[in-house]
Amino acid sequence: MIVDTHQHFWRPDRGDYGWLSPSDSVLYRDYLPQDLAPMLAAHNVQATVLVQAAPTEAETRYLLDLAAQTDFVAGVVGWADMEAPDAARRIAGLVAYGKGKLKGLRPMVQDIADPQWLLKPMLDAAFEAMIDHGLVFDALVLPHQLPTLQARLLRHPKLRAVLDHAGKPDIADKEFSGWAENVARLARDLPLLHCKLSGLLTQAGDGAGADELEPYVAHLFEHFGPERLMWGSDWPVLNLKSDYGHWLELAQARVRRHAPGHEQDVFGETAIGFYALDQKEETL
């Protein structure tokens with residue numbers, strides 16, 4: 001059983017994907033369940049976690065609607081206005097709307113100019129609401145934001161959080177030491193923090209493969225261990241550098257190398273427990 005913990009759907013004509021440009025010939029088009037389903041079937045992937053791609057609550061409701069209509073979507077990671085005075089009420093409303101499908105929230109921290117945004121006291125209520133509702137915090141951050149992320153997570157020791165795309169190391173320029181030090185500190189000091197083995201090819205140069213990813217992947221296994229790592233495709237962003245099958249096979253080979261015998265953890269079991277995914281046979 002394989003669970004893809006990180007994939008997206010979008011329709012540019014919805015108008016809230018500010019980062020998508022008509023000049024992007026790969027990504028500026030509709031990506032919907034019917035586009036992903038054949039790839040999941042071809043590679044025996046039974047379930048996915050659908051992750052937000054626009055900083056609007058309207059998109060979160062749109063994704064929850066898609067999830068309700070799509071058997072393979074086991075959960076949604078959405079977006080809420082965490083700075084709103086009524087953030088806790090907004091989050092409760094999204095939880096109710098999702099009818100069990102909302103599994104987490106993801107502010108798009110990487111796109112926020114304020115380097116101290118995560119530490120704003122006004123966010124406290126939103127993070128506490130996530131704990132109250134059993135939601136996961138998906139941390140979309142860049143390497144220089146990792147210390148601030150750690151400071152925020154230390155305030156909420158009961159919060160389940162996951163580092164998206166391993167903190168987006170700059171693999172193309174072979175930047176390693178600063179990222180590696182911060183990742184090791186996060187993994188050591190935050191025992192509930194997990195990490196997604198996703199998005200790494202996008203961070204690498206064109207034509208990159210196992211050799212270019214090896215030091216980064218090895219570091220993740222050394223510090224998080226296979227029990228706190230979860231595979232994700234980051235489809236369709238993945239299409240910028242690779243394809244679904246190639247990335248899955250590359251990741252499977254890395255897991256066999258660094259954690260033989262733990263393939264089911266990285267590719268399924270950990271995600272089911274971490275995101276509290278429905279384990280109905282027809283879904284998973």
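Annotations for the structure displayed:
- Rh by Kirkwood over Cα pairs, then Stokes-Einstein D for region 210-257 at 1.567 mPa s and 4 °C, µm²/s: 113 µm²/s
- Hydrodynamic radius of region 131-178 by the Kirkwood approach over all distinct alpha-carbon pairs: 11.9 Å.
- Rg/Rg_ref, region 1-56, where Rg_ref = 2.2 N^0.38 Å and atoms are Cα: 1.25
- Relative counts (whole %) of C-alpha pair distances in region 218-284, using bins that are 5 Å wide: 3, 16, 23, 21, 21, 13, 2, 0
- With the convex hull of its Cα atoms as the shape, region 55-199 has an orientation-averaged projected area of 8.8 nm².
- Shown here are the Rg and Dmax of the Cα trace of region 122-245, at 14.7, 44 Å.
- Compared with the rule-of-thumb size 2.2 N^0.38 Å for a compact globular protein, the chain has a Cα radius of gyration ratio of 0.93.
- Summary of the geometry: region 133-155 and region 1-38, compared by the centres of their Cα atoms, lie 25 Å apart.
- Here is the P(r) of region 181-251: all C-alpha pair distances, binned every 10 Å from 0, give 19, 50, 27, 4 in whole percents.
- Full-stretch length increase - Q264, D124 - with 0.36 nm per residue and alpha-carbon distance subtracted: 46.9 nm
- Heavy-atom accessible surface of region 200-284, averaged per residue, reaches 41 Å², computed with a 1.4 Å probe.
- Along each principal axis, Cα extent of region 1-113, largest first, Å: 46, 36, 22
- Summarised as an ellipsoid, region 23-89 has semi-axes of 26, 16, 9 Å, derived from the eigenvalues of the Cα gyration tensor scaled by 5 and square-rooted, with the largest first.
- For region 116-202, a crude dipole built from +1 on the beta carbon of Lys and Arg and -1 on the beta carbon of Asp and Glu, taken about the Cα centre, is about 160 debye to the nearest 20.
The values are calculated or read from the model by the stated rules, or taken from the named source; none is laboratory data. These figures come from a predicted structure and were not determined experimentally. Every residue, glycine among them, receives a Cβ derived from its backbone with ideal geometry; neighbour counts consider all protein chains shown. In case anyone asks, the SASA skips ligands and DNA or RNA and just uses the protein heavy atoms, side chains included. Shrake-Rupley method; radii C 1.70, N 1.55, O 1.52, S 1.80 Å.
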